[in-house]
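Heads up, the thing below is written out as structure tokens.
Nothing in this text is a laboratory measurement; each read-out follows from the coordinates by a stated rule. Please read all numbers here as calculations on a predicted model, not as lab measurements. Cβ: placed from backbone, ideal geometry, glycine included. Neighbour counts: every protein chain shown.
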Amino acid sequence: MSTQTTHDFVLSAAVSVEAASTAGAPSSEPSVDMKFAGALAFSDDGILFVGDNHNGAIYAFEIPGEEQPGQTVPHSIRNIDAKIAELLGVRLGAVEINDLAVHPVSKEIYISATRIGSFASQPAIVKISIDHDISLLNTSSLTYQKQLLTEFPEDDTKFQVRGSGPGPLLPRDTAKGAISMRSLAIMDLEYYEGELFVAGVAYDSFQSSLRRISYPFDGTQCMTAVEMYHITHDRYESRAPIRAMSVQQVDGKPQLVAAYTCSPIVLVPLDELTDGAKISASTIMDMGNGQPLDMIPFQMGDQSMLFVTNNSRSPQVIPVDGLSGAKAVTHEDFERGPKLDLHPLMPFGPTGKAVMFEGVPLHMALFDDDFFVSLTRDAYTGDLNLDINPTFFPNRVHNLVAEMDFPRT
Amino acid sequence: MRMNARQAQTVSSPVPTIYDPDLLLPHRDGEPVVLRLADGEADHHPTGRDQRLAVFVGGADSYHEGRLPVAGRYEHHGEFLSFTPAFGFVAGHDYVVRTRRDGEPYRLNDFRIPPETSAAPALVTDVYPSGDVLPENLLRFYVHFSVPMTPHVAPDFVALRDASGVADPAAFMRFKQELWNADRTRLTVLIDPGRIKRSVATNLDLGPALRNGERYALTVDEGWPAADGSSVLQSFSKRFRVGGALRERPNVGRWRWRPLRPGTREALRIGFDRPFDRHLLEHALHVVVGDGQPVDGTPHPGDYETSWSFTPDEPWTTGDVRIVVDDALEDVAGSNFRELLDRDVGHRLALAATSNTPTQTRNQE
């Protein structure tokens, strides 16, 4: 690193001029320079990983948590987005909620959000204590590490505008052309046995990638490009990223179970994730439609399950047992051509069952063995609520009226 | 249709605003809310929220129990308790401060940070380069505005016109993103390098955007809305004549100055060999003495960016000073001390052989 060139020449006895280079000049970084708080994940002992799609970095904050004595039960909080807006000092429309996670020890709930100001957006992480107190996480008081991601897309690379059918482009179609590809560069984080797995888009050539980073961060990272066969689209896809994932023991080894938009689910053995590799994931199922949001492992009785939420269909409960021995399919297994929602083949593979869930869960996380917490938009009021959902019956049904709700005579 | 069984929201009856004489309200973003504490209260050291002082979004008439106060930092300074919001206050929004003292009902005080830009009309304040004669291979203009401007519409308003007023629709580079500074008061407009670089396709098809000896104007049409919508721009025009191209790298060997007089605060003034980029010039020159100790002072670019003066904070201690020049400093044609934006393709080899060695070094050896 040089701050001055060695061409130190004298122009006159009195004043001399020399050239200096700006490259590599030392910068004085503020304590936490986070620009966006997106995807969240906790390690088992309370390291909070935060994906910053703007800076192209993962932050790891040490949040020691004390175990709560006795049974802790989560509570619903109505209008959670309005409360977060109050806390951040803005009106309701100026807050976007990005993700939700639960501290594995203290059971505090963490929500990543964006505060939209007149000129700039700012990141915020909001903490909800076990006794309901909603506060702003002061990241500058925490010990943290930061890992910059290599091959991060340029900020000015945007989606192409393709329209949504015949007819002229609508404003909602052209708006897609203003969305930066970086917003897809960190989609989901998964911590597993001392390593952080990061799904998203890499490079400006838009490659769906899986990054593998050991924690504590040592500056190194391994990146693998992932291709998969998309049954619904009948094509091999290597750009659209994994949306939600979970590491599970499948066929006797740890594998990433990964869900894509519209909406295959694939398996990726962890031992294939080596730096620079380009791999083909094994497609084992396809829902036929929808955009997955979260994939949450949980126990239902003695059965291991995955709870897969989606912004356009009911959550799916997938038995983990059904993934072992599932056939990996290619284009040779089907007649050619797209197979959309109504195709008799759909849903294809060991997809489990859709469960009744009134309203749309924006984000969900497992609170403990007995409860999920969810950010759910109520279908009647439109309120965004922090909700609780039991794991033994992972539904949301309280607004429904059935035979059993009528008075007994 | 099913009615939703929703609890009626409990809203307290409107509370009259009661002025708290011990409260100092902020007038601009970044200022804290400050409460003067009564005797005996100041030794109380809160760490987080404070029951005595809390700020809420919305006016006093929207306040009710159960609202979450704005997050921020509470600090004690003697008899004062101050609150600074974590993210600042949004100009134009209503806020209400609730103060509460032992044994007294709480008091509510409204405040609103006035929008910073409401008073100033939208104007073009400066255009750089500021000279009346600009080189044929000029690379960029900087257009400075009095207030933040609405983005994404610049091509509708900014134009390069010839002497008869005809706009050249292909003069400027079109990017997906306009080149603004952070608060959108300075727009960078680049002449399409394809029109500047000799013998590339656009240069051959359309010719250069600026021709030696001709007259032009950079115009900004009226009607461009300010970012806050409070005013629209008045029209602006910068007329200039085009002179010869700058085809050589800048040469500090041709810079001129007068000897300094130690013991005075007389400005050091350097005359350049050409006009430099106004924005890069702000941070590209540094005055040092001895083995590199910086001299504090105030720089002033001048003479249409062809000179630079520096007034030291303290009198000069020596006449023997050095000027450190960032070799990324560009002239108005985009050439720096390391390379030219546009190289004559016929002399590629000769230039490549010297491209890593600043010419000024060779000239002085």
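Quick one: putting +1 on the C-beta of Lys and Arg, -1 on the C-beta of Asp and Glu, what dipole do you get for the stretch B:252-341 around its Cα centre, in Debye to the nearest 20?
Using only the charged Cβ atoms, the result is roughly 400 debye.
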Listed residue (A:M295, A:S43, A:A82) projecting farthest to the positive dipole end of chain A, Cβ model: A:A82
Zone residues, the stretch B:266-284, relative to B:R241, backbone N less than 14 Å from point 7 Å out along Cα-to-Cβ: none
In nanometres, the difference between 0.36 nm per residue of separation and the alpha-carbon distance of B:R36 and B:V153 is 37.3 nm
Springs between alpha-carbon atoms under 10 Å, Gaussian network over chain A: tell me which of A:A244, A:A379, A:A185 tops the mean-square fluctuations. A:A379
Just grab the label-to-label distance for A:K35 and A:M356, each label 7 Å out from Cα along the Cβ direction, in nm (one decimal). 4.7 nm
So for the pair B:D29, A:S76, with labels modelled 7 Å out along Cα→Cβ, what separation do we get in nm? 3.7 nm
How much length would be gained if the chain were fully extended between B:Q51 and B:N181, taking 0.36 nm per residue of separation minus their Cα-Cα distance, in nm to one decimal? 42.7 nm
Over what distance in Å are the Cα centres of the stretch B:151-165 and the stretch B:200-228 separated? 7 Å
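Looking only at chain A, where both bridge partners belong to it, what percent of the DSSP beta bridges are antiparallel (to the nearest 5)?
Values: 98 of 102 bridges.
Of the beta bridges lying entirely in chain A, close to 95 percent run antiparallel.
What average count of beta carbons from other chains do you get within 10 Å of the Cβ of residues in B:180-186?
So the per-residue partner count for this stretch is 1.
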When the Cα centres of the stretch A:335-409 and the stretch A:210-239 are compared, how far apart do they sit, in Å? 29 Å
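So for the stretch B:124-243: antiparallel DSSP bridges make up what percent, rounded to the nearest 5? All intermediate terms of the calculation are to be shown ahead of the outcome.
On the way: 26 of 29 bridges.
Bridges in the stretch B:124-243 that DSSP calls antiparallel: roughly 90 percent.
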May I ask you to derive the relative contact order of chain A, considering only C-alpha pairs under 8 Å and at least 6 residues apart, and to give it as an integer percent? 11 percent
Return the sequence-ordered ³J(HN,Hα) values of the stretch B:234-243 in whole Hz as given by the Karplus equation 6.51 cos²θ - 1.76 cosθ + 1.60 applied to θ = phi - 60°, using x for Gly and Pro. 7, 5, 8, 9, 10, 8, 7, 10, 9, x
Return the distance in nm (one decimal) between the two label points of a simple spin-label model at B:D291 and B:N212, each offset 7 Å from Cα along Cα→Cβ. 4.9 nm
Enumerate the calculated ³J(HN,Hα) couplings along the stretch A:365-374 in order (Karplus 6.51 cos²θ - 1.76 cosθ + 1.60, θ = phi - 60°), each rounded to whole Hz, writing x wherever the residue is Gly or Pro. 8, 7, 7, 7, 4, 9, 9, 9, 10, 9
Name the residues whose placed amide hydrogens come within less than 5 Å of the amide hydrogen of A:R396, ignoring near sequence neighbours (fewer than 5 apart) on the same chain. A:F357, A:E358
Would you pull out the residues with amide H under 5 Å of B:T125's amide H, same chain only if 5 or more places away, H placed 1.01 Å from N? B:H144, B:F145, B:S146
Assuming a ≥ b ≥ c are the square roots of the Cα gyration tensor eigenvalues, decide whether the stretch B:29-167 counts as rounded (a/c under 1.5), prolate (otherwise, with a/b larger than b/c) or oblate. prolate
Which residue, A:I58, A:A240, A:M404, has the largest displacement toward the positive end of the dipole of the protein assembly as shown when charges sit on each Cβ (Lys, Arg +1; Asp, Glu -1)? A:A240
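With r defined as the distance between the Cβ atoms of B:S199 and B:R338 and R0 fixed at 25 Å, what FRET efficiency is calculated, to the nearest 0.05? Mind showing how you got there, number by number?
Working: r = 22 Å, r/R0 = 0.89.
Efficiency, from the Cβ-Cβ distance: 0.65.
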Gap separating the Cα centres of the stretch A:80-101 and the stretch B:273-346, nearest whole Å: 47 Å
Pull out the extension gain between A:Q303 and A:D271, defined as 0.36 nm times the separation in residues minus the alpha carbon to alpha carbon distance; nm, one decimal. 9.0 nm
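Based on the alpha-carbon gyration tensor of chain A, what equivalent-ellipsoid semi-axes (square roots of 5 times the eigenvalues) come out, in whole Å, largest first? Mind showing how you got there, number by number?
Numbers: eigenvalues 301, 162, 100 Å².
They are 39, 28, 22 Å, listed from largest to smallest.
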From the backbone phi of the stretch B:95-111, what are the Karplus-calculated ³J(HN,Hα) couplings (6.51 cos²θ - 1.76 cosθ + 1.60, θ = phi - 60°) in whole Hz, Gly and Pro given as x? 10, 9, 9, 10, 10, 8, 10, 3, x, 10, x, 6, 10, 10, 10, 6, 8
Pairs to check: A:K146/A:K278; A:K253/A:K278; A:K35/A:K107; A:K127/A:K158; A:K107/A:K146; A:K35/B:K238. Give those whose C-alpha atoms are more than 29 Å from each other in this structure. A:K127/A:K158; A:K35/B:K238
About the Cα centre of chain A, what is the dipole size in debye to 20, counting +1 per Lys and Arg Cβ and -1 per Asp and Glu Cβ, all else neutral? 1220 debye
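With N denoting the number of residues in the protein assembly as shown, provide Rg(C-alpha) divided by 2.2 N^0.38 Å, to two decimal places. Numbers along the way, then the final one.
Working: Rg = 31.7 Å, N = 774, 2.2 N^0.38 = 27.6 Å.
Normalised by 2.2 N^0.38 Å, the Cα Rg of the protein assembly as shown equals 1.15.
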Given axes a ≥ b ≥ c from the Cα gyration tensor, I'd like to know whether the stretch A:129-281 is rounded (a/c under 1.5), prolate (a/b larger than b/c) or oblate. oblate
Provide the FRET efficiency to the nearest 0.05 for the A:E193-A:D131 pair, computing r from the beta carbons and using R0 = 35 Å. 0.60
Non-local residues with an amide H under 5 Å from the amide H of B:L179, with H modelled 1.01 Å from N and Pro and chain starts lacking one, are B:T188
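If each DSSP helix of 4+ residues adds -39,500 (n - 2.57) and the sum is divided by the residues in chain A, what number results at 222 nm, nearest 500 deg cm²/dmol? Intermediate values should be presented prior to the final figure.
Values: 2 runs with 13 residues, N = 409.
That comes out to -1000 deg cm²/dmol.
Can you compute the FRET efficiency between A:D234 and B:R174 using 1/(1 + (r/R0)^6), with r the Cβ-Cβ distance and R0 = 35 Å? Round to the nearest 0.05.
E between A:D234 and B:R174, to the nearest 0.05, is 0.40.
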